[in-house]
Amino acid sequence: MIMQGENFRRTRDGIRLFSDADFVGMHEAGALASQILDEICDLVYPGQTTEVLDKFVEDKVKAAGAISATIGYRGYQHASCISTNHVVCHGIPSSKKLKDGDILNIDVTVIVNGWYGDTSRMYVAGKLSRKVERLIQVTHDSLLKAIEVVKPGNTFGDIGHAIQSYVEGERMSVVRDFCGHGLGRVFHAPPNVLHYGRPGSGPVLEEGMFFTIEPMVNLGRPETKVLADDWTAVTRDKSLSAQFEHSIGVTSTGYEIFTLSKKNRFHPTYS
Ligand code: MF3
Ligand code: CO
Ligand code: CO
C-alpha cells in the first residue's frame, strides 16, 4: 500500500487552504442547511416539541439525499441541536413542549457530496420581551461584525475581538468554553475560532480558509457547565443565552457566506 500525501496546502498552523472549485461544494452544503432552517420557522410555536422540530430536520436532510453530520457524531443521536433559554449549545431534542416566550437556537450540520454545511439561528415561540429581543439582536450583530473583518491579512484574534468588544460594550458576556472551527471535508478542523481575543493575535487569515463563526452570548455571566447527559451546556447562573452561526470562506478580498438565508429569515424578527 502506498500512502498518498495530502494534495492540498496547509498553513503553518495546520489550517487547510481550499481551491476555488471547493467553494462551490461548500455553497451547496451551506444552502441546504440554511434552507432547512428557513423552512422550520413555521413549526416553532408554543406547545411544539423540539423532537418534532428535530424530526423535521432529519426528514429534510434525507429528502435532499444528504447526510446529517451530527447523527452518530461522538455518540450524538439527533439531526439537530436545539438549545432553549439558558441552554448555551448542544441541547438535545426532547418531548418537552415549548412555552410562550421561549427562545431557542436550532443548529444543523449537513454533508452534501462530502462537504459540510453548519449553521444555527435563534427562534422565538410566541411573544418576546424587550430584554430577550436585545440579547438576540446583540448576538446576531456580533456575528455580522465579526464576518465584516474577515479578509486576508487580518487575524483570528481580530474576529474574536470584534465580537467581544461589541458584546461586552452592550453589557452582555461572551461564552469562552465553546468556539467556532475550521470545516470543509470534515466537521471540526483547525483552527479553534475563539469569540474573544486581542486585535492582531492568532493565525493570519488566508484566501481559501473555510471556518465557522458561532458566538454564544449570555445575559449574565459567561461560565457554563455540561449536564449529566454529557451534551447539554447551560449557563451556570441560569441566565438566558443566544447563538448564531455561519459557515464562511475567505476570498482574495474578503469572504463568502455559505449559509445565507435565501428567504432573509436568519434573524427571527425579519421573518
Ligand atoms: N453543529 C455544532 C457546531 O456548531 C456541533 C454539534 S455536534 C453534536 O459545531 F454532536 F452535538 F451535534
Ligand atoms: Co459549528
Ligand atoms: Co453548528
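The values are calculated or read from the model by the stated rules, or taken from the named source; none is laboratory data. Please read all numbers here as calculations on a predicted model, not as lab measurements. FYI the Cβ positions are ideal-geometry reconstructions off the backbone, even for glycines, and counts take in every protein chain you see. Accessible surface is based on the protein model in full, side chains and every heavy atom, while ligands, DNA and RNA are left aside. Shrake-Rupley method; radii C 1.70, N 1.55, O 1.52, S 1.80 Å.
Couple of notes before you dig in:
- Among the residues of region 53-105, the one identified as closer than 24 Å to R134 by Cβ, more than 16 Å from ligand 2 (Cβ to nearest atom) and among the hydroxyl-bearing types (S, T, Y) is T84.
- Qualifying residue in region 6-14 (condition: part of a loop (DSSP other than H, G, I, E, B) and of a type in the set (G, A, S)): yes
- Yes/no for I136 being in contact with a helix residue (DSSP H, G or I) (Cβ under 6 Å, 6 or more places away or on another chain), crowded, with 24+ Cβ neighbours inside 10 Å and in a helix (DSSP H, G or I): no
- Consider region 32-52 and keep the residues that are loosely packed, with under 15 Cβ neighbours inside 10 Å and of a type in the set (D, E, K, R). The one that is farthest from ligand 2 (Cβ to nearest atom) is D42.
- In region 231-271, the residues that are in a loop (DSSP other than H, G, I, E, B), closer than 21 Å to H188 by Cα, out of contact with any His (no Cβ under 9 Å at 6 or more places or on another chain) and not β-branched (V, I, T): none
- Positions within region 83-120 being open to solvent by less than 20 Å² (accessible area, probe 1.4 Å) and not in a strand (DSSP E or B), in sequence order: G91, P93, L98, D102
- Pairs where the first residue, in region 187-201, is away from ligand 3 (no atom under 14 Å from the Cβ) and the second is part of a loop (DSSP other than H, G, I, E, B) and charged (D, E, K, R), C-beta under 9 Å, 6+ apart: P190/D13; P191/D13; L194/R176; Y196/R176
- Qualifying residues in region 144-165 (those that are touching a residue at least 60 places away in the same chain (Cβ under 8 Å) and part of a helix (DSSP H, G or I)) - the one surrounded by the most Cβ atoms within 10 Å (Cβ to Cβ): A146
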